[in-house]
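Data block below; observations after.
The values are calculated or read from the model by the stated rules, or taken from the named source; none is laboratory data. Note that the coordinates shown come from a computational prediction; the quantities given were computed from them, not determined experimentally. Methodologically, a virtual Cβ is constructed for each residue, glycine included, from the backbone with ideal geometry; neighbour enumeration extends over all protein chains shown. With ligands, DNA and RNA removed, areas are computed over all heavy atoms of the protein, side chains included. Shrake-Rupley method; radii C 1.70, N 1.55, O 1.52, S 1.80 Å.
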Amino acid sequence: MGNKVSTLEENLAKFVGIKHAIACSSGTDALILALMAIDIQPGDEIITTPFTFIATAETIAFLGAKPVFVYIDAKTFNIAPSLIEEKITSKTKAIMPVSLFGQISDMDKINEIAKVHDLKVIEDAAQSFGAEYKGKKSCSLSNLACTSFFPAKPLGCYGDGGAVFTNDDDLANKLRIILNHGQTKRYVHSHIGINGRLDSIQAGILNVKLKYYTEEIIKREQIAQKYNNELKNITTPYIFPNSLSVWAQYCILVEDRDAVLSKCSNNNIPTGVYYPIPLHLQEVFEYLGYKEGDFPITEKISKNIMALPMSAFLTEEEQNYIIEVVNE
Ligand SMILES: *Cc1c(COP(=O)(O)O)cnc(C)c1O
């Protein structure tokens, strides 16, 4: 928590266009801190998507609250706002949309529902730092937003790191207290907290990398466009109008995924599957009582999805080779 961390917080807030950025130890801790800041208690319900990395629902469950899953949109793979309302109960406290693969959810609709039902919105923006929705940046569109600087994310440090964003002064103050053991003054504690501090060395790295990040986002977009244009007979990603993805993953849908994965691997092209098991079917969430068939779109996508290499440093020659092999 040295001065590099406070400089980073200023840089992040300015980049996003929000009042407060609070740096912390990881994306997972950012989610825990955000949930703690709004006093999530055992038994509370948080509405989220089953098609995401485990941390989204894990942090909800970690605090004893209940993740309540909603259908996803078949094109964007993000939570379907029109199906949120029917899942709201007297126990619902917040909606946690995930900006999956670098694309922000339909936040206007989500915020509208939240307002009507007096709920908080927490954007899980672990994959979307720098993305845009109707001219606004990811992490500036909700009561609270959480990002990750894990090395594999679009803006990565050299270890673990994350941040929470808010426009609310009281929440910002509380987050700062909670991330340092609930400490208000040295050895004076007002809240139950965690050790969620960011190391100065990671902040130093991020302060440098942030200077080049806008350029990297432009390059990632160019690479995505080239894939979109040159991949044939494949379902390429759908991006919402008026939006900019940061392409945390470039994911395609293929019917014969195993064949495409092994063709790529035989030709030394690294691929990934995000995510092979939706959260409602994970063993750890058996107690929630979901079963196969509850989320057919999610389940189908999890069987057909695969990611191709995506980085601002992918060369044209490398990308041409990838496209040729995948098209074959
Ligand atoms: C990576 C990720 C997280 C967790 O971030 P860490 O920094 O790895 O703890 C949370 N949610 C989503 C959607 C992620 O992709």
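List of remarks:
- Strands (runs of 3 or more DSSP E) lying entirely in segment 125-237 (those with 2 or more residues that are surrounded by fewer than 17 Cβ atoms within 10 Å (Cβ to Cβ)): 183-185
- Test: residue in segment 73-96 that is under 20 Å from K14 (Cβ atoms) and touching a residue at least 40 places away in the same chain (Cβ under 8 Å): no
- Residue list for segment 104-124, filter: within 16 Å of the ligand (Cβ to nearest atom), part of a loop (DSSP other than H, G, I, E, B) and of a type in the set (A, V, I, L, M): I104
- Residue check: T56 meets all listed conditions (1) free of Cβ contacts under 8 Å to residues at least 60 places away in the same chain; (2) assigned to a helix (DSSP H, G or I); (3) open to solvent by less than 60 Å² (accessible area, probe 1.4 Å) but one, namely (1).
- Any hit, segment 265-273, residues being more than 16 Å from the ligand (Cβ to nearest atom), at pLDDT below 95 and outside the structural domain of F51 (by TED's automatic domain parsing): no
- Residue match in segment 49-72 (condition: over 24 Å from S26 (Cα atoms), away from the ligand (no atom under 16 Å from the Cβ) and in the same structural domain as D29 (by TED's automatic domain parsing)): yes
- Evaluating S311 against the criteria (1) in contact with a Lys or Arg (Cβ under 8 Å, 6 or more places away or on another chain); (2) over 25 Å from K226 (Cβ atoms); (3) of a type in the set (G, A, S) leaves one unmet condition, (2).
- Taking the listed residues F129, F150, the one that is touching a strand residue (DSSP E or B) at 6+ places or on another chain (Cβ under 6 Å) and farther than 17 Å from I38 by Cβ is F129, with no other qualifying.
- Any hit, segment 268-286, residues being under 21 Å from N320 (Cβ atoms), of a type outside the set (F, W, Y) and part of a helix (DSSP H, G or I): no
- Of the residues making up segment 80-103, those that are surrounded by 15 or more Cβ atoms within 10 Å (Cβ to Cβ) and part of a loop (DSSP other than H, G, I, E, B) are A80, I84, I88, P97, S99, Q103.
- Filtered residues of segment 294-318 (kept if touching a strand residue (DSSP E or B) at 6+ places or on another chain (Cβ under 9 Å), open to solvent by less than 20 Å² (accessible area, probe 1.4 Å) and assigned to a helix (DSSP H, G or I)): T298, I301, N304
- Residue in segment 72-81 that is farther than 30 Å from I252 by Cα and in contact with a strand residue (DSSP E or B) (Cβ under 9 Å, 6 or more places away or on another chain) present: no
- Set L12, L35, L31: member being within 12 Å of the ligand (Cβ to nearest atom) and either surrounded by 21 or more Cβ atoms within 10 Å (Cβ to Cβ) or part of a loop (DSSP other than H, G, I, E, B) (or both): L31
- Qualifying positions in segment 165-181 - basic (K, R) and more than 11 Å from H20 (Cα to Cα): K174
- Here K291 meets the list (1) in a loop (DSSP other than H, G, I, E, B); (2) in contact (Cβ under 8 Å) with a residue 40 or more places away in the chain almost entirely, failing just condition (2).
- Options K120, K115; residue that is open to solvent by 40 Å² or more (accessible area, probe 1.4 Å) and out of contact with any strand residue (DSSP E or B) (no Cβ under 6 Å at 6 or more places or on another chain): K115
- Filter result for F77 (in a loop (DSSP other than H, G, I, E, B), within 12 Å of the ligand (Cβ to nearest atom), assigned by TED's automatic domain parsing to the domain that holds I22 and open to solvent by 60 Å² or more (accessible area, probe 1.4 Å)): no
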